[in-house]
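Student: Sharing a structure with you now.
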Amino acid sequence: MTAVLDAVAAALVLLGSIFAFTAAVGLVRFPDTISRMHPSTKTQVFGLVLVLIGAVIRLRDSADVGMLVLAGMFTVIVSPVFAHLVGRTAYREGGMHPSVMTRDEMPAQVPAQELADDDGTPLDTDDDSDEGEDDHGPGGDAPGEPAPGPQADR
């Protein structure tokens, strides 16, 4: 029975390392950040999970199994967050080729009709509104005192 479990563990570790290798090749070969996100997240995480499952099968009675499970859970939880942040930053910084995008769902500016309440009333997007300010004016410490910094020069 242990020989079969060792063979299954070895196969999972080998398969996981193949996935990790293909992720590394994808990171080198793909042209931009958005394209590189797929191998750096999905393929790499799947390869790591396979390797960890193989290690858990091999170390089935060891105290290290709990640490391997925690490492796998942490990777599965953090990887989508990481991919989202990297993708959003790459989009905003322009680190992608427009030719690889089939559809751009993030407009550069929000249209005015989206800045309206449910009943169609436009929202107040004026930054000079006095709502939310206290009796001390636009940032000063006392009434009538100008705000510190560039606003004091006005």
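Every number in this text was worked out from the coordinates using simple rules, so none of it is lab data. No experiment lies behind these values; they were computed from the predicted model shown. Neighbour counts are summed over all protein chains in view; Cβ atoms, including those assigned to glycine, are modelled from backbone coordinates with ideal geometry.
Student: Would you calculate the separation in nanometres between label points at Val25 and Asp64, each defined as 7 Å from the Cα along the Cα-to-beta-carbon direction?
Tutor: About 2.9 nm, to one decimal.
Student: Which of the trypsin sites (Lys or Arg not before Pro) found in the stretch 1-94 are in a DSSP loop and have at most 14 neighbouring Cβ atoms, other than their own, within 10 Å?
Tutor: Arg60
Student: After finding the eigenvalues of the alpha carbon gyration tensor for the stretch 2-99, what semi-axes result from the square roots of 5 times each, listed largest first in whole Å?
Tutor: Working: eigenvalues 210, 47, 7 Å².
Output for the stretch 2-99: semi-axes of 32, 15, 6 Å.
Student: I would also like to ask the following. Using 0.36 nm per residue, how much length does the chain from Met106 to Arg92 gain when fully extended, once their Cα-Cα distance is taken away?
Tutor: 4.1 nm
Student: Taking the beta-carbon count within 10 Å as an exposure proxy, list Met96, Met67 from fewest neighbours to most. Could the numbers behind the result be given before it?
Tutor: Values: Met96 18, Met67 12.
Neighbour counts put them in this order, fewest first: Met67, Met96.
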